Amino acid sequence: DHPVITIDGPAASGKSSVARLVARQRGAIYVNTGNMYRAMTWAVLDAGIDPADADAVRAAAATLQIQSPVVEGQTQVQVNGRTLTDADLNSDPVNRAVSHVARVPEVRDLLVAAQRALAAIGPLVMEGRDIGSVVFPDSPLKFYIDASEEVRAARRSAQGHTDQVAERDRLDSTRKTSPLVVPQGAIVIDNSHLTLEQAVQQVLSKLPN
Ligand code: CDP
């Protein structure tokens, strides 16, 4: 398998922007695993299933086909052959439901397997909540991008979203399966007061040539 740079962190810490640019610099494929959980959530809602009903979510997940074709250097997400748009993935209903769907162990098993399989395609920069801790724990290239709660809430509202960032963090950090943690061996970057360029430089400066 190819090397994987892992980038984890809480909601709206800026990790997606950093990961995308690091991937471009390194000629790696950018993988946003949050979009895979969001796609699963979109499909659960589309099927009229209550996202808090873990049994129903589990049953639905087993019937869904989630695929991640690489398009222009990054993975897209398809559910049963349909490509979801950014608007689909970042809608308010998905924001409210995604941390409930992501708590279901069987959902995680399905998506983690798909994420691991991507390393056969090429070098990756993969971002999420459990990439350095669970998906690729043996990677020597792990980062954790953090930012203060105030800065994260401000970033999210600047993007025009009324997202319950604090509530998602609470759910993501306290769940039993693969809670958000600083992975062992990860380099922690506090992105509260860095520009995007500075944060990208910090990551690049830690990587071997
Ligand atoms: O963009 P933002 O950082 O706000 O969130 P995201 O990366 O799109 O992730 C959305 C949600 O998916 C998170 O709040 C987690 O509940 C879940 N997630 C996860 O459980 N594990 C991952 N590897 C990635 C996301």
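The values are calculated or read from the model by the stated rules, or taken from the named source; none is laboratory data. Keep in mind that what you see is a predicted model, and the values were worked out from it rather than measured. Ideal geometry is used to build each Cβ from the backbone, glycine not excepted, and the neighbour counts take in all protein chains shown. Accessible surface areas use protein heavy atoms only, side chains included; no ligands, DNA or RNA. Shrake-Rupley method; radii C 1.70, N 1.55, O 1.52, S 1.80 Å.
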Set the Förster radius R0 to 30 Å, insert the Cβ-Cβ distance between Glu167 and Asn209 as r into 1/(1 + (r/R0)^6), and round the FRET efficiency to 0.05. 0.15
For Gln65 and Ala154 in the same chain, what is the full-extension length gain: residue separation times 0.36 nm, less their Cα-Cα distance, in nm? 28.5 nm
Kirkwood hydrodynamic radius of the chain, from inverse mean 1/r over distinct Cα pairs, in Å: 17.1
For the chain, built as a Gaussian network whose Cα springs stay under 10 Å, the top-fluctuating residue of Ala62, Ala147, Ala97: Ala62
Give a quick list of trypsin sites (Lys or Arg not before Pro) in region 100-209 that DSSP marks as loop, anything other than H, G, I, E or B, with at most 13 other Cβ atoms within 10 Å. Lys176, Lys206
Please report, as a whole percent, how much of the solvent-accessible surface of region 26-79 comes from carbon and sulfur atoms (probe radius 1.4 Å). 44
Considering only protein heavy atoms, with the full assembly of protein chains and a 1.4 angstrom probe, order Ser13, Ser178, Ser205 by accessible area, largest first. Ser205, Ser178, Ser13
Once phi is turned into θ = phi - 60°, what whole-Hz ³J(HN,Hα) does the Karplus curve with 6.51, -1.76 and 1.60 give for every residue of region 130-146, x standing for Gly and Pro? 9, 6, x, 8, 10, 6, 10, x, 8, 5, x, 10, 10, 10, 10, 9, 10
Given H placed on each backbone N at 1.01 Å, which residues far from Tyr144 in sequence or on other chains put an amide H within less than 5 Å of it? Asp8, Ile187, Val188, Ile189
Among Ala56, Ala43, Ala199, which one shows the highest mean-square fluctuation when the chain is modelled as a Gaussian network with alpha-carbon springs under 10 Å? Ala56
Counting only heavy atoms of the protein chains, get the accessible area per residue of region 42-189 (1.4 Å probe) and round it to a whole Å² value. 49
List the lysines whose alpha-carbon lies under 27 Å from that of Lys176, not counting same-chain residues fewer than 8 positions away? Lys15, Lys142
With every protein chain left in place and a probe of 1.4 Å, what is the accessible surface of Asp50, to the nearest 10 Å²? 90
Rounded to the nearest 10 Å², the accessible area of Asp146 at probe 1.4 Å: 50
Linear extension gain, Ala52 paired with Lys176, 0.36 nm per residue minus alpha-carbon span: 43.1 nm
Given a cut-off of under 8 Å on Cα pairs at least six residues apart, what relative contact order in percent is computed for the chain? 34
Per-residue SASA entry for Thr75, accessible area with 1.4 Å probe, Å² rounded to 10: 20
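For Ile145, Ile66, Ile187, write out the residues from largest to smallest accessible area, computed with a 1.4 angstrom probe and no ligands counted.
Ile187, Ile66, Ile145
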